[in-house]
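Here the structure comes first, spelled out in structure tokens, and everything after it is commentary.
The values are calculated or read from the model by the stated rules, or taken from the named source; none is laboratory data. What you are looking at is a predicted structure, and each value in this text was computed from that prediction instead of being measured. Glycine gets a Cβ as well: all are built from the backbone with ideal geometry, and neighbour counts include every protein chain shown.
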Amino acid sequence: MTVLICRNYKGDVDMSEIDHFLTLLMQQEEEGLMCPVISHGSVHFMWIKHILYYFDCLFTSVCLSFVCMFPVQVFTEYFKELEEESIQDNFVVVYELLDELMDFGFPQTTDSKILQEYITQEGNKLEVAKTKVPTTVTNAVSWRSEGLKYKKNEVFIDVIESINVLVNANGSVMSSDIVGSIKLKTMLSGMPELRLGLNDRVLFALTGRDKGKTVAMEDVKFHQCVRLSRFESDRTISFIPPDGESELMSYRINTHVKPLIWIESVIEKFSHSRVEIMVKAKGQFKKQSVANNVEVRVPVPSDADTPKFKTSTGHAKYVPEKNLVVWTIKSFPGGKEFLMRAHFGLPSVENDEMEGKPPITVKFEIPYFTVSGIQVRYMKIIEKSGYQALPWVRYITQSGDYQLRTNA
Amino acid sequence: MEWASQLCENRGLGSKMTDSKYFTTTKKGEIFELKAELNSDKKEKKKEAVKKVIASMTVGKDVSALFPDVVNCMQTDNLELKKLVYLYLMNYAKSQPDMAIMAVNTFVKDCEDPNPLIRALAVRTMGCIRVDKITEYLCEPLRKCLKDEDPYVRKTAAVCVAKLHDINAQLVEDQGFLDTLKDLISDSNPMVVANAVAALSEIAESHPNSNLLDLNPQTINKLLTALNECTEWGQIFILDCLANYTPRDDRESQSICERVTPRLSHANSAVVLSAVKVLMKFMEMLPKDLDYYGTLLKKLAPPLVTLLSAEPELQYVALRNINLIVQKRPEILKHEMKVFFVKYNDPIYVKLEKLDIMIRLASQANIAQVLAELKEYATEVDVDFVRKAVRAIGRCAIKVEQSAERCVSTLLDLIQTKVNYVVQEAIVVIKDIFRKYPNKYESVIATLCENLDSLDEPEARAAMIWIVGEYAERIDNADELLESFLEGFHDESTQVQLQLLTAIVKLFLKKPTETQELVQQVLSLATQDSDNPDLRDRGYIYWRLLSTDPVAAKEVVLAEKPLISEETDLIEPTLLDELICHIGTLASVYHKPPSAFVEGGRGVQHKRLPARAGSGESAESPDVGQAVSAVSDAPPAVIPSQGDLLGDLLNLDLAPPTSNVPPVPSSMQMGAMDLLGGGLDSLLGGDVGGSPAMGVSLGGAPVGMPAGLGAAPAVGGGLGDLFDLGGGVGVTAGSYIPPKTVWLPAMKAKGLEISGTFARRSGVIHMDLSFTNKAMSVMTDFAIQFNKNSFGLAPAGPLQVLTPLSPNQTVDVSLPLSTTGPVMKMEPLNNLQVAVKNNIDVFYFSCQYPISLLFVEDGKMDRQVFLATWKDIPSENEAQFQIKDCHLNSDAASNKLQGSNIFTVAKRTVDTQDMLYQSVKLTNGIWMLAELRIQTGNPNSTDLELSVKCRAPEVSQYVYQCYELILRN
């Protein structure tokens, strides 16, 4: 293992400590008990696996556990792809970033948009021009610069809901929840003040209006721009938005939802001869809606061979490196039901190794629809220059962690 | 972001053009080349050279030789170059302290640069140069920067104070930087406030006693205001600092909580966890009945659950913290079981953590779901996970009693899979289930025995051997089974050898005839052929025990084992409290206090949860004993030790020699107290001489109390005969029944508590008993036997405890007694020694019955006979007693006494005195005659006088006691 970059913030860790890391990691991997926090003597390693690179944070003292997530995020935003090359290519910037991100072990600013304002790769060109710290770095509004100008003031709002479902082999839904996310792309001049109105059940109960369908959000998380105390007191979502793309909020809804795409499967394994798979997929959503890019991934034994498929729609493909059959349906209207049959041969000499029971997973996207029924009622945009701005709203529902256990 | 991608594309055009080329130059003589380049006149070349130096440094090459040349490049107006040189300085200054002084001038100059970025850069780097000699030069520039007009410089300078303190604490104090830092808490810029707080907290950690962070309501208010405005990381510093504050009362605590709760909606999980820490800590101070307390509990669950939607590494950290929270306040997440269900693609560390939390949350309400999940997990392929899942099933059985049966059958199903490690793990946990519920699931032993051959892990073998030994009497071929293990005795691990030794000794004690050879074999293997001292010693002890005193051996080896506790691997409460104070830090991930893994003095202060406001706890449980103690004035009677008599009791089934029987503890004489003091006294009046049983009898008091107390007002109201209606349940005759008292405290009888009283109903004597199971396992097979006693009391039938007695269950039994048993005079006369047996052991206690129990219904003497008998009994057999303060008139007294079969034969009134002549007949035919004198004229004179005449004068005293008891109740 080579160290690509290293920055010692407190000077209390010997840099050769990192040599122990790989040994420890390998040891843990062999024992089958990997853990993202490892300690060696008085030094503690935390790691995140990013593609094939490990990001380590070393500590000697009590420290925040969440620190090491963020460099990765920032670097990814800076370089789009975080790889060995991108770090080596830009090591000067990386050092600069590490300097700004953290000082003496105290995280400082991790907002890449703001960092970009004063840390750039074009250092070799600029020497005089960049002599001011953006006030944003220390401002109360640390996420938006002043003086932005757009010809056309617009806000794009994406409401994206992911459904997580876990269904037992006997067909009962063990857990299901919805994780929603409201993303913004703001192209607004100046320092606009925004207010977002949702059909939030608590808000409607507070104000006494109870027209139409409301949604009870179990937990809400906001971008730091949202005034949390205001939300706490009267459920108003008010904020000065960051410029460009950002995730304004995310929410979790616990209410039991009918799995939008229901899968029934029969997987029969005849040892030493064959596996027969029958999968029925049913769209349990409104007839007017259509699920796009549906993928049903059915696990097959690793020693299966000679696949044969029959589908009532879409097409099935065997992906031997993942031991999967992937059944793709480009467009899946609500209320419809489709069938796929697969047949595999099994070798007469059986594989000794025990195989797990991977679940069937499903991927899909249903546009113009939120499963929870959440709606953006309004988006008020007020800026002192008084311009008119247009909000655009898009809804989409997609599969999150969508697993159905099988009997086989 | 577009600019970034463009840039990447531009740079990607030719890899030669990117910085990565610096990493490729690894020729020899490189240092020389670099030296030349660094001293070049051309700016571009210089910069290229510095980059090469930094690249070499990064990959771990020693380029410290270039120190002077690099420092020479420091004076440049190129920001990028400056940053690189500073980076170099930070790395090598320590190894070249003399050279580092060369850089001081530039630092001082840079600290006055018009560009705040450069000022901040200088002050940031300064602090990272850990060279003592330099530090003093840096004080002036730092002082200026702390007062800089630009907040960016101020916030950097604040951190620099902490850095400097780390290098030279004394200097920082002498220079007054700490006060400047404190002033920055009131800075107008939230980011500066946050960094000042962070720096002060860091410094405070190495000065445990200093009052650096002088937290008071004013500063707390400032911090709470800054909390709303600063960046996410700043919020964390402030929240962590708040967590160290101890609010003065629950009101302040609540108001801080109210201002912290909005942070639970922050997108940054670290902010959420820090807020959770503050809330968990301050909640400790809130009274539980407060509405806000409930609100807070409800608010905590959703954000904790949301943490689990993050990346697996974050999930792991969240789960470790949740594990603590669940142990501290299980109510927060009790309805959230399903979010901890394991997903197929979870990494192993997440799976194991989830499993652990699932068990902690398991309760009767969700056990069905949990078991179904665990069964599912047990069929996966990941060995560690499967093992833990099987173990989890066992833990559920132990934790949720109602589920035990289902757990056992699930485990049996898993054993049928014949997957080797599943079977072994299942056997290990079944052993624990046996320990928790003895004599309940032994039917599965046969199935277990079928799998004997597949066990190859020591723990599983040891568990199986334990089971065979423990239940040897029910396993027909136990000797064969154990013998099969014995063949490879020396190849077994110590754990198995020890278990095998004990099991065979158990077997021998249970089936001595067939197993003599086996036990000799194992003893000789353990003592003569083994090098292991543990094994040898245990072998010798058994050997000697068996050869000297088999009965004692039985008591030792077959002694009842303590039940295993419900929750295993719970964190010890004080440690848990400390860890709660460290939520969101490494300590909460390791579940160890910082002192366990942090070297040196930093961060090892022990944190404590604040104490609950108000006096709280002690007032919540009013001490019953105290209320009662006022009544108590009866002298404690002491039962003479009668060890020789007890021998007769012991023919129940074990027949241990007399000498082994513990003497009857004096605290067991509750029955006697009862008679003397009317029930209440017994609660405190017993032998107070340090008897540990006192606590138990107090605890048990409420059982008997209500009846006794309930009866009292009825009597006081002069309701006469009606008194007995309140006296006890199921009374048919009018006799007085004392309330039940504890005869056998649970701690003396392995969890069995017996309380009881005596009653005479429709001419039949009853012993009314309450059996309470205070142990964790089911009790069965009850039996009772009396020792010989003065009046030949004996059970008229077997003890009818039909159903097994589950933990915490109480069963009431009424045992009819006859008076036809063997007779032996006891001291005191009404003493009764009882032995009770159950599946666990035999227990002994003694109690005293009111002699009125023996007063028969046909005890009314003819007047003439009475007169004749009275005269006939010699006057030295007459005993005089006084019953003080009795407000009954003669009719009421007469009625009352008649209820207990003391019959008034005649009544005479002389002056102001009523005289009642009364007769009593005991079950053994002895007559007693009494004269009761009641003053009627003088209301102040309320004493009654009693004369008792009897042919057996020793009974008189007990008759008097009955009068006292009956008339007063």
Original post:
Just wondering, is there one or more residues in segment A:263-273 that are of a type in the set (Asp, Glu) and either more than 26 Å from the chain's Cα centre (by Cα) or modelled with pLDDT of 95 or more (or both)?
Top reply: yes
Original post:
Residue check, B:Lys418 against (1) under 29 Å from the mean Cα position of the chain (by Cα); (2) within 14 Å of chain A (Cβ to nearest Cβ), all met but one. Which one?
Top reply: (1)
Original post:
For segment B:373-386, does any single residue satisfy the condition of being closer than 24 Å to A:Glu218 by Cβ and in a helix (DSSP H, G or I)?
Top reply: yes
**OP:** Have a look at A:Gly356, A:Gly334, A:Gly345 and point out the one that is free of Cβ contacts under 8 Å to residues at least 12 places away in the same chain and either crowded, with 18+ Cβ neighbours inside 10 Å or touching an Asp or Glu at 6+ places or on another chain (Cβ under 7 Å) (or both).
**Re:** A:Gly356
**OP:** Please indicate, with yes or no, whether at least one residue in segment A:251-259 is in contact with a Pro (Cβ under 8 Å, 6 or more places away or on another chain) and of a type in the set (S, T, N, Q).
**Re:** no
**OP:** Look through segment B:159-184, keep the residues that are of a type in the set (A, V, I, L, M) and within 24 Å of B:Met74 (Cα to Cα), and return whichever of them is surrounded by the most Cβ atoms within 10 Å (Cβ to Cβ).
**Re:** B:Val161
Original post:
When residues of segment B:170-193 are filtered for being assigned to a helix (DSSP H, G or I) and within 17 Å of B:Asn216 (Cα to Cα), how many remain?
Top reply: 6
Original post:
Tally time: how many residues in segment B:545-564 are without any contact (Cβ under 8 Å) to a residue 24 or more places away in the chain and surrounded by 12 or more Cβ atoms within 10 Å (Cβ to Cβ)?
Top reply: 3
**OP:** From the list B:Asp476, B:Asp456, pick out the single residue that is in a loop (DSSP other than H, G, I, E, B) and under 18 Å from B:Glu514 (Cβ atoms).
**Re:** B:Asp476
Original post:
Can you spot a residue in segment A:371-383 that is surrounded by fewer than 18 Cβ atoms within 10 Å (Cβ to Cβ) and hydroxyl-bearing (Ser, Thr, Tyr)?
Top reply: yes
Subject >> So B:Ala301, is it touching a helix residue (DSSP H, G or I) at 6+ places or on another chain (Cβ under 8 Å) and touching a residue at least 40 places away in the same chain (Cβ under 8 Å) >> reply: no
Original post:
B:Gly488 is checked against (1) under 16 Å from B:Ala462 (Cβ atoms); (2) in contact with a Gly (Cβ under 6 Å, 6 or more places away or on another chain) and fails just one. What number does that condition carry?
Top reply: (2)
Original post:
When you go through (1) modelled with pLDDT under 90; (2) under 29 Å from the mean Cα position of the chain (by Cα); (3) more than 13 Å from chain A (Cβ to nearest Cβ); (4) farther than 21 Å from B:Pro807 by Cα one by one for B:Asn439, which number turns out not to apply?
Top reply: (4)
**OP:** For segment B:174-212, name all the residues that are of a type in the set (D, E, K, R) and at pLDDT 85 or above.
**Re:** B:Asp174, B:Asp179, B:Lys182, B:Asp183, B:Asp187
**OP:** Please give the number of the condition B:Leu215 fails out of (1) closer than 23 Å to B:Ile167 by Cβ; (2) modelled with pLDDT under 85.
**Re:** (1)
**OP:** Please find, within segment B:437-452, the residue that is nearest to B:Val778 (Cα to Cα) out of those that are in contact with a helix residue (DSSP H, G or I) (Cβ under 9 Å, 6 or more places away or on another chain) and among the polar types (S, T, N, Q).
**Re:** B:Thr447
Original post:
How many of the residues making up segment B:112-137 are out of contact with any Asp or Glu (no Cβ under 6 Å at 6 or more places or on another chain), away from chain A (no Cβ under 11 Å) and crowded, with 24+ Cβ neighbours inside 10 Å?
Top reply: 1
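This table checks each residue for (1) among the aliphatic types (A, V, I, L, M); (2) in a loop (DSSP other than H, G, I, E, B); (3) within 30 Å of B:Lys440 (Cα to Cα).
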site	(1), (2), (3)
B:Ser777	no, yes, yes
B:Gly792	no, yes, no
B:Pro798	no, yes, yes
B:Val811	yes, no, yes
B:Pro816	no, no, no
B:Gly821	no, yes, no
B:Leu829	yes, yes, no
B:Gln833	no, no, no
Subject >> Tally, over segment A:201-216, of residues that are closer than 19 Å to A:Val179 by Cβ, more than 13 Å from every other protein chain (Cβ to nearest Cβ) and surrounded by fewer than 16 Cβ atoms within 10 Å (Cβ to Cβ) >> reply: 1
Original post:
Given (1) surrounded by 14 or more Cβ atoms within 10 Å (Cβ to Cβ); (2) assigned to a loop (DSSP other than H, G, I, E, B); (3) in contact with a strand residue (DSSP E or B) (Cβ under 7 Å, 6 or more places away or on another chain), where does B:Leu888 come up short, assuming only one miss?
Top reply: (3)
Subject >> Selected residue [in contact with a helix residue (DSSP H, G or I) (Cβ under 6 Å, 6 or more places away or on another chain), surrounded by 23 or more Cβ atoms within 10 Å (Cβ to Cβ) and within 8 Å of another protein chain (Cβ to nearest Cβ)] from B:Cys257, B:Cys241, B:Cys230 >> reply: B:Cys230
**OP:** State the number of residues belonging to segment A:167-194 that are surrounded by 14 or more Cβ atoms within 10 Å (Cβ to Cβ) and either at positive phi or assigned to a strand (DSSP E or B) (or both).
**Re:** 19
**OP:** Under 8 Å between Cβ atoms, at least 6 apart or on separate chains: pull out the pairs that start in segment A:217-230 with a residue that is facing chain B (nearest Cβ under 7 Å) and end on any residue that is acidic (Asp, Glu) and surrounded by fewer than 20 Cβ atoms within 10 Å (Cβ to Cβ).
**Re:** A:His223/A:Glu247
**OP:** Looking at (1) surrounded by 15 or more Cβ atoms within 10 Å (Cβ to Cβ); (2) more than 14 Å from every other protein chain (Cβ to nearest Cβ); (3) of a type outside the set (S, T, N, Q); (4) assigned to a strand (DSSP E or B), find the lone condition where A:Met249 falls short.
**Re:** (2)
Original post:
Only one of these conditions is not met by B:Glu229: (1) among the charged types (D, E, K, R); (2) more than 23 Å from A:Val141 (Cα to Cα); (3) assigned to a loop (DSSP other than H, G, I, E, B). Which number is it?
Top reply: (2)
